[in-house]
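Some notes on the structure that comes next.
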Amino acid sequence: MHTSVYDCVMKRRSVRCFEQKEISPDVLKKLVNAGRVAPSAANKQPLEYIIVSNPDLRDKVFEALKWAAYIAPDGTPKEGKKPTAYIIIVVNTKHKIADFARDVGAAAENIILTALEEGIGSCWLRSVDRKKVSDMFQLPEHIEVDSVLALGYPGESPVMVEMTDSIKYWRKDGVHYVPKRRLDDIVHVDQY
């Protein structure tokens, strides 16, 4: 049975607890390929990607990340539950234009949804020590770290709930809850 794109979108939640099963190199390249073909402002295509699957490098990348501020430190993956791969999204400033952030969003979502289709959970992180990551990979000056996608087979199933009075997600009894605004509160048909 094939899952629709809409079903993947509705199922997608950030995962912060992963099984320690490796992701194949072919699947990781497939994820990057999904990002590569995303829309790009003026078709400048400023994005490049660093796949990190080596366990030693994964540990170093993990140390450059901050996880789930609302529930810190409970939102940080514990030992034995950390991501098994990362895709670092970098921007080549030789091709960058003002709208590049939209490129990042489109590419990241393509990667995230393709990962989900492969049974892989993800967490998109912007709270990154960019200098540390740049130094780690000896990036040239024209390559800037934008964000990091943490990846792995999910070790948890986050739950979307209707937002009541707060946007803050929470964790209770090992379950991660994510409030979302109601559709009727944000949709406007033919008027505001």
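The values are calculated or read from the model by the stated rules, or taken from the named source; none is laboratory data. Keep in mind it's a predicted model, so treat the numbers as computed, not measured. Cβ: placed from backbone, ideal geometry, glycine included. Neighbour counts: every protein chain shown.
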Check your understanding: Any idea which residue in segment 34-61 is nearest to the chain's Cα centre (by Cα), counting only those that are closer than 30 Å to Leu183 by Cβ, among the hydrophobic types (A, V, I, L, M, F, W, C) and surrounded by 15 or more Cβ atoms within 10 Å (Cβ to Cβ)?
Key -> Ala34
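In segment 166-192, which residues are in a loop (DSSP other than H, G, I, E, B) and touching a residue at least 24 places away in the same chain (Cβ under 8 Å)?
Here is the first cut: in segment 166-192, the residues in a loop (DSSP other than H, G, I, E, B) are 166-169, 173-174, 181-182, 187-192.
Listed by number, the residues that qualify are Lys168, Tyr169.
Listed here are the residues, each with its yes/no results for (1) aliphatic (A, V, I, L, M); (2) farther than 15 Å from Tyr70 by Cα; (3) in contact (Cβ under 8 Å) with a residue 60 or more places away in the chain.
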residue: Gly119; (1), (2), (3): no, yes, no
residue: Ser127; (1), (2), (3): no, no, yes
residue: Ser134; (1), (2), (3): no, yes, no
residue: Leu149; (1), (2), (3): yes, yes, yes
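Is at least one residue of segment 92-102 touching a Phe, Trp or Tyr at 6+ places or on another chain (Cβ under 7 Å) and buried (at least 19 other Cβ atoms within 10 Å of the Cβ)? I'd like the intermediate steps shown before the answer.
Of all residues in segment 92-102, those touching a Phe, Trp or Tyr at 6+ places or on another chain (Cβ under 7 Å) come to none.
Among the residues of segment 92-102, not one is touching a Phe, Trp or Tyr at 6+ places or on another chain (Cβ under 7 Å) and buried (at least 19 other Cβ atoms within 10 Å of the Cβ), which makes the answer no.
Given the residues Thr76, Thr84, which is the only one that is over 23 Å from Lys168 (Cα atoms) and not aliphatic (A, V, I, L, M)? Explain how you work it out, then say what you get.
On the way: Thr76 fails: over 23 Å from Lys168 (Cα atoms).
Testing whether each residue is over 23 Å from Lys168 (Cα atoms) and not aliphatic (A, V, I, L, M) leaves just Thr84.
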Exercise for review: Collect the residues in segment 148-165 that are in contact with a Phe, Trp or Tyr (Cβ under 7 Å, 6 or more places away or on another chain) and part of a strand (DSSP E or B), keeping them in residue-number order.
Suggested key: Val148, Leu149, Ala150, Leu151, Gly152, Pro154, Val159, Val161
Check your understanding: When both residues are 6+ apart or on different chains and their Cβ atoms are under 6 Å apart, which pairs have a first residue that lies in segment 46-60 and is in contact (Cβ under 8 Å) with a residue 40 or more places away in the chain and more than 17 Å from Lys21 (Cβ to Cβ), and a second that is among the acidic types (Asp, Glu) and not in a loop (DSSP other than H, G, I, E, B)?
Key -> Leu47/Asp103
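Take the conditions among the small types (Gly, Ala, Ser), over 26 Å from Ala38 (Cα atoms) and in a loop (DSSP other than H, G, I, E, B) and apply them to Gly119. Does it pass?
So Gly119 does not fit the description; no.
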Exercise for review: Answer with yes or no whether Glu63 is modelled with pLDDT of 95 or more and over 23 Å from Leu139 (Cα atoms).
Suggested key: no
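Name the residue that is nearest to Val145 (Cα to Cα), counting only residues in segment 62-96 that are in a strand (DSSP E or B) and within 14 Å of the chain's Cα centre (by Cα).
Here is the first cut: in segment 62-96, the ones in a strand (DSSP E or B) are 65, 85-92.
So of that shortlist, the ones also within 14 Å of the chain's Cα centre (by Cα) come out as 65, 85-90.
Values: Leu65: 12, Ala85: 17, Tyr86: 13, Ile87: 11, Ile88: 7, Ile89: 6, Val90: 4 Å.
Among them, the one singled out is Val90.
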Review point. Among the residues of segment 13-60, how many are polar (S, T, N, Q), in a helix (DSSP H, G or I) and more than 19 Å from Glu144 (Cα to Cα)?
Key: 1
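Looking only at segment 15-33, which residues are in contact (Cβ under 8 Å) with a residue 40 or more places away in the chain and surrounded by fewer than 19 Cβ atoms within 10 Å (Cβ to Cβ)?
Keep residues of segment 15-33 that are in contact (Cβ under 8 Å) with a residue 40 or more places away in the chain, which gives 15-23, 27-28, 30-32.
Listed by number, the residues that qualify are Glu19, Gln20, Lys21, Glu22, Val27, Lys30.
Pick from segment 122-144 the residues that are more than 30 Å from Ser157 (Cβ to Cβ) and not in a helix (DSSP H, G or I): which of them is nearest to the chain's Cα centre (by Cα)?
Just the residues of segment 122-144 that are more than 30 Å from Ser157 (Cβ to Cβ), to begin with: 130-132, 134-144.
Keeping just the survivors that are not in a helix (DSSP H, G or I) gives 137-144.
On the way: Phe137: 20, Gln138: 23, Leu139: 21, Pro140: 24, Glu141: 24, His142: 23, Ile143: 19, Glu144: 17 Å.
That would be Glu144.
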Exercise for review: Return a yes/no flag: does segment 146-163 have any residue that is out of contact with any Asp or Glu (no Cβ under 7 Å at 6 or more places or on another chain), among the acidic types (Asp, Glu) and under 30 Å from Asp26 (Cβ atoms).
Suggested key: yes
